[in-house]
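The structure appears below as structure tokens.
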Amino acid sequence: MQRPLRLVILAGLALVVFYFMQDALFNDDNYIQPLLKEREEKDLSFRSRANSPFDDAGRRAFKNLVYYEPNLDYRVNASVEKLAQQDTLLMPLTNGSYEPYLRYGTASFELEGEQLKLMLYKKLTGEKDQLFVPFTDKTNGFETYGGGRFLDVPFEEGDKKVVLDFNRAYSPFCAYNPDYVCPVPPKNNRLSIAIPAGEKNYEGAH
């Protein structure tokens, strides 16, 4: 009788360990809490003189940015297809000028039952371990900034997959202050669906 009892105890311990590991690995709080912390820190930076797009009066009036509720459905895995011939695109800016970006490849993914694709860009100056994704969707001009939103996507050379986390989609500084100059998302990054995730319109802008 000793041996079966020992097996039962070991099995029980294994279930307890599995339960806590499962909770640690799959609990949404492990994703949502850091995301909410990032949003709090961005609010703090917008109140600071050094990192805010607002003038002094705007900083004093600023309370917080507005977001959609975090939704893991809008954190999607996408397949990366590197362009055989990468070239430089002169991306238009809001003041009518242009800024060069490297067209790196495409990210293909499924969302809302549709197969979608976004072009991945690299800033010629800036972070080397991330890609830049300017995009528009059906929320622009209604619930989100009309000029589109941006994603900064963690990436290492050779990756075949990237995570497009639309909960981290953000508005450019020109959404808050027209004195700033921002990239305009190219036509091939205009999504045909609404992406109700990430940053919303800021009503105190302008």
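The values are calculated or read from the model by the stated rules, or taken from the named source; none is laboratory data. Note that the structure is a prediction, hence the values are computed from the model and not measured. Ideal geometry is used to build each Cβ from the backbone, glycine not excepted, and the neighbour counts take in all protein chains shown. In case anyone asks, the SASA skips ligands and DNA or RNA and just uses the protein heavy atoms, side chains included. Shrake-Rupley method; radii C 1.70, N 1.55, O 1.52, S 1.80 Å.
Within the stretch 102-115, track down each residue that is in a strand (DSSP E or B), among the charged types (D, E, K, R) and either open to solvent by 70 Å² or more (accessible area, probe 1.4 Å) or under 20 Å from Ala194 (Cβ atoms) (or both).
Result: Glu110, Glu114.
Given the options Lys128, Lys138, name the one that is of a type in the set (Lys, Arg), under 15 Å from Gly198 (Cβ atoms) and either at pLDDT below 95 or touching a Ser or Thr at 6+ places or on another chain (Cβ under 9 Å) (or both).
Selected residue: Lys138, the only one of Lys128, Lys138 that is of a type in the set (Lys, Arg), under 15 Å from Gly198 (Cβ atoms) and either at pLDDT below 95 or touching a Ser or Thr at 6+ places or on another chain (Cβ under 9 Å) (or both).
Quick one: which of Asp137, Asp129, Asp152, Asp179 is closer than 28 Å to Arg60 by Cα and free of Cβ contacts under 8 Å to residues at least 60 places away in the same chain?
Going through Asp137, Asp129, Asp152, Asp179 in turn, the sole match is Asp179.
Test Asp55 against the stated conditions and say whether it is within 23 Å of Asn201 (Cα to Cα) and open to solvent by 50 Å² or more (accessible area, probe 1.4 Å).
Yes, satisfied.
Go through the stretch 68-101 and give me each residue that's part of a loop (DSSP other than H, G, I, E, B), under 30 Å from Asp28 (Cα atoms) and either aromatic (Phe, Trp, Tyr) or touching a residue at least 24 places away in the same chain (Cβ under 8 Å) (or both).
Result: Tyr68, Pro70, Asn71.
State all residues of the stretch 188-206 that are within 20 Å of Gly96 (Cβ to Cβ), modelled with pLDDT of 95 or more and open to solvent by 20 Å² or more (accessible area, probe 1.4 Å); if no residue qualifies, say none.
Arg190
Taking the stretch 58-74, which residues are within 22 Å of the chain's Cα centre (by Cα) and open to solvent by less than 40 Å² (accessible area, probe 1.4 Å)?
Within the stretch 58-74, Leu65, Tyr68, Pro70, Tyr74 qualify.
Can you name the residue in the stretch 116-166 that is of a type in the set (Val, Ile, Thr) and under 27 Å from Val66 (Cα atoms) and, of all such residues, is surrounded by the most Cβ atoms within 10 Å (Cβ to Cβ)?
Within the stretch 116-166, the match that is surrounded by the most Cβ atoms within 10 Å (Cβ to Cβ) is Thr144.
Quick check: is even one residue across the stretch 54-67 closer than 28 Å to Val162 by Cα, in contact (Cβ under 8 Å) with a residue 60 or more places away in the chain and part of a loop (DSSP other than H, G, I, E, B)?
Within the stretch 54-67 (the criterion being closer than 28 Å to Val162 by Cα, in contact (Cβ under 8 Å) with a residue 60 or more places away in the chain and part of a loop (DSSP other than H, G, I, E, B)), the answer is yes, since at least one residue qualifies.
Within the stretch 164-179, can you find the residues that are within 9 Å of the chain's Cα centre (by Cα) and not polar (S, T, N, Q)?
Of everything in the stretch 164-179, those that are within 9 Å of the chain's Cα centre (by Cα) and not polar (S, T, N, Q) turn out to be Leu164, Asp165, Phe166, Arg168, Ala169, Tyr170.
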